[in-house]
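To start, the structure under review is shown below, and the notes come after it.
The values are calculated or read from the model by the stated rules, or taken from the named source; none is laboratory data. As the structure is a computational prediction, the values presented were derived from the model and not from experiment. Note: ideal-geometry Cβ built from the backbone for every residue, glycine included; neighbour counts use all protein chains shown. With ligands, DNA and RNA removed, areas are computed over all heavy atoms of the protein, side chains included. Shrake-Rupley method; radii C 1.70, N 1.55, O 1.52, S 1.80 Å.
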Amino acid sequence: MRRTRSWGQGDLTGGLVDQVFAQVRQAVPGLIIDRLAVTHASDDDNVYFLGVGAVLDRVQCDTGPGGQPPFLVETDSCRVVTSEVAEAVAAVSSGLGSGDVGSGDDLP
């Protein structure tokens, strides 16, 4: 069984994935993000599981250390690797079934 911890709006990596999550949160009401909880400090914990409502693991998003690109966004039907925030936002939003989102230029 995978161990995760809730990743709220106040949780930040300091990397570009923070922008991805902020933009998706604006576009997807009820978004839930969980971060992989590892047992050893040397394990990679830059793995996030995103969902809405009862479907918690619709999208998996992996990042580089500290929330930096590249982003690997995976769903049951697609896999996107990108270093662009807007492309990651579009892939996550599509995987969640939310359609198009704005550019989010006003976000940090």
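Quick rundown of the values:
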{"read-out": "Where a residue in region 16-33 is over 11 Å from LEU50 (Cα atoms) and its partner, wherever it lies, is small (Gly, Ala, Ser) and surrounded by fewer than 17 Cβ atoms within 10 Å (Cβ to Cβ), with Cβ under 6 Å and at least six apart", "value": "ALA27/SER98"}
{"read-out": "Residues satisfying the stated conditions in region 71-82, i.e. open to solvent by less than 70 Å² (accessible area, probe 1.4 Å) and closer than 19 Å to GLY15 by Cα", "value": "PHE71, LEU72, VAL73, VAL80, THR82"}
{"read-out": "Verdict on GLY14 being under 22 Å from THR4 (Cβ atoms), open to solvent by less than 20 Å² (accessible area, probe 1.4 Å) and modelled with pLDDT of 90 or more", "value": "no"}
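Per-residue answers, yes or no, for (1) surrounded by 17 or more Cβ atoms within 10 Å (Cβ to Cβ); (2) modelled with pLDDT of 90 or more; (3) part of a loop (DSSP other than H, G, I, E, B):
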site: GLN9; (1), (2), (3): no, yes, yes
site: GLN26; (1), (2), (3): no, yes, no
site: ILE33; (1), (2), (3): yes, yes, no
site: SER42; (1), (2), (3): no, no, yes
site: ASP57; (1), (2), (3): no, no, no
site: GLU87; (1), (2), (3): no, yes, no
site: LEU107; (1), (2), (3): no, no, yes
